[in-house]
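*Asks:* Here it is, the structure, as structure tokens.
The values are calculated or read from the model by the stated rules, or taken from the named source; none is laboratory data. On a predicted model such as this, the values are computed, not experimentally measured, just so you know. As a convention, Cβ positions derive from the backbone with ideal geometry for all residues, glycine included, and neighbour counts pool all protein chains shown. Note: accessible area is taken over every heavy atom of the protein model, side chains too, but ligands, DNA and RNA are not part of it. Shrake-Rupley method; radii C 1.70, N 1.55, O 1.52, S 1.80 Å.
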Amino acid sequence: MRRLFIMCYISYVAEGDFRKLLRETRRMGKKKDRLIPLSEAKRVIYLEERGRNRKKLSAGAMIFGILGAICIIYCICISIAGFGSRFYLVWGVLGAAFFLASWVFMDRRLINAMPGWLKAGILGVTGLGLLIFIVVMGMILARFEAGALPGADYLIVLGAQWKADGPSQALRLRLDRAAEYLLENPGTRVIVSGGQGSNEPVSEAAGMEQYLIDAGIAPERITKEDRSTNTFENLRFSGELLDRKNSRVVIVTNNFHVFRAMKIAEKQGYANVEGMAAGSVLWMNPNNLLREFLGVIKDFLVGNL
């Protein structure tokens, strides 16, 4: 009898515990419909945050990708057009750099792997470079419409590429501007300055002299300087053919080139010098301005400015 009572008690308690467990399970099941466990809630928050960052990085990658494509296309266009030197290859290098930046922005792990000092260094160098670019470009653009007063003693026409069929477009614009001034000022003499490059059939000075003669300028008004290979030498060798301190000199070159030419002339002791801007090929101005920016930096570093 005692044994039967104990078995019934155990059965009752076990049945009660089972029912209690069943009720707790049902209650937790109802809460599960309304609440997210803590571990799962953390996971949801992390995924949302990563999604927002991915959108930002994708925008950066898209911007750099577009810039890279523009640079590559521009490089190809200049190559096909056959303008000037091979400086246009710089646009290809820039395009590759922008594509690399786009790839970096597409992979968040690469950015997160960079140490803080490297990120700060990259941002600092980039910011300083942009500041220098803006300042120098402002000085270049400020001389884009430079003009000269009549009655100069000398014009110095700076050389540019001379092709088999005549002057390059940039040089033709300089010569036309010079011829216009010379016809209006018959007392002004002109020095045409430029040597012969490896890809030129004649010296730039010789070609320029004949071009001005064909434009109606008397040969006795023209002096050739045919040794120079760059702007610094243009002004140095031309300066040996006139009085730098007392002569009133006008430098004729394309608009994007006036600022640098003027600064070099002033550094070489031209006391009374003006710049006169000829036009330029509009769609080539990005290439010309970038090249001129680098030219200003180079001449500054070597002490020409």
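*Asks:* Hey, can you grab everything whose amide H is under 5 Å from the amide H of E274? Only 5+ residues off in sequence or another chain; H modelled, so Pro and N-termini drop out.
*Replies:* Amide H neighbours of E274, under 5 Å, 5+ apart: V249, V250, I251.
*Asks:* Of the options A178, G151, V192, report the single residue whose Cα projects farthest towards the positive end of the charge dipole of region 149-198 (beta-carbon charges: Lys, Arg +1; Asp, Glu -1).
*Replies:* Ranked along the dipole, the leading option is V192.
*Asks:* Same structure again: Considering every pair of different Cα atoms, what Kirkwood radius, in Å, is found for region 86-211?
*Replies:* Computed over Cα pairs of region 86-211, the Kirkwood hydrodynamic radius comes out at 19.1 Å.
*Asks:* Still on this structure, please answer the following. May I ask for the net charge around M276, where only other residues with Cβ less than 13 Å from the Cβ of M276 are counted and Lys, Arg are +1 while Asp, Glu are -1?
*Replies:* Once positives and negatives cancel, what remains is -1.
*Asks:* Please report the net charge: other residues with Cβ closer than 11 Å to the Cβ of L175, K and R +1, D and E -1.
*Replies:* The answer is -2.
*Asks:* Okay, moving on. Using only the Cα atoms of region 61-108, what semi-axes does the equivalent ellipsoid have when each is the square root of 5 times a gyration tensor eigenvalue? Give whole Å, largest first.
*Replies:* One finds semi-axes of 25, 9, 5 Å for region 61-108.
*Asks:* Using a 1.4 angstrom probe and counting only protein chains, how large is the accessible area of Y211 in Å², to 10?
*Replies:* So the heavy atoms of Y211 present about 50 Å² to solvent.
*Asks:* Here's another thing I want to ask about it. Per residue, how big is the convex hull of region 150-219 when only Cα atoms are used? Give it in Å³.
*Replies:* In region 150-219, the Cα convex hull volume per residue is 72 Å³.
*Asks:* Using a 1.4 Å probe on the protein chains only, how many percent of the accessible area of region 55-143 belongs to carbon and sulfur?
*Replies:* Looking at region 55-143 in its full context, I get 80 percent from C and S.
*Asks:* Now a separate question. Filter K163/K298; K163/K245; K119/K267 down to the pairs with a C-alpha to C-alpha distance above 30 Å, please.
*Replies:* From the list (K163/K298; K163/K245; K119/K267), the Cα-Cα distance tops 30 Å for K163/K245; K119/K267.
*Asks:* If you average the alpha carbon positions of region 155-225 and of region 84-153, how far apart do those two centres end up, in angstrom?
*Replies:* 34
*Asks:* Enumerate the calculated ³J(HN,Hα) couplings along region 124-141 in order (Karplus 6.51 cos²θ - 1.76 cosθ + 1.60, θ = phi - 60°), each rounded to whole Hz, writing x wherever the residue is Gly or Pro.
*Replies:* Each residue of region 124-141 in turn: x, 5, 5, x, 5, x, 5, 5, 4, 4, 5, 5, 5, 5, x, 5, 5, 5 Hz.
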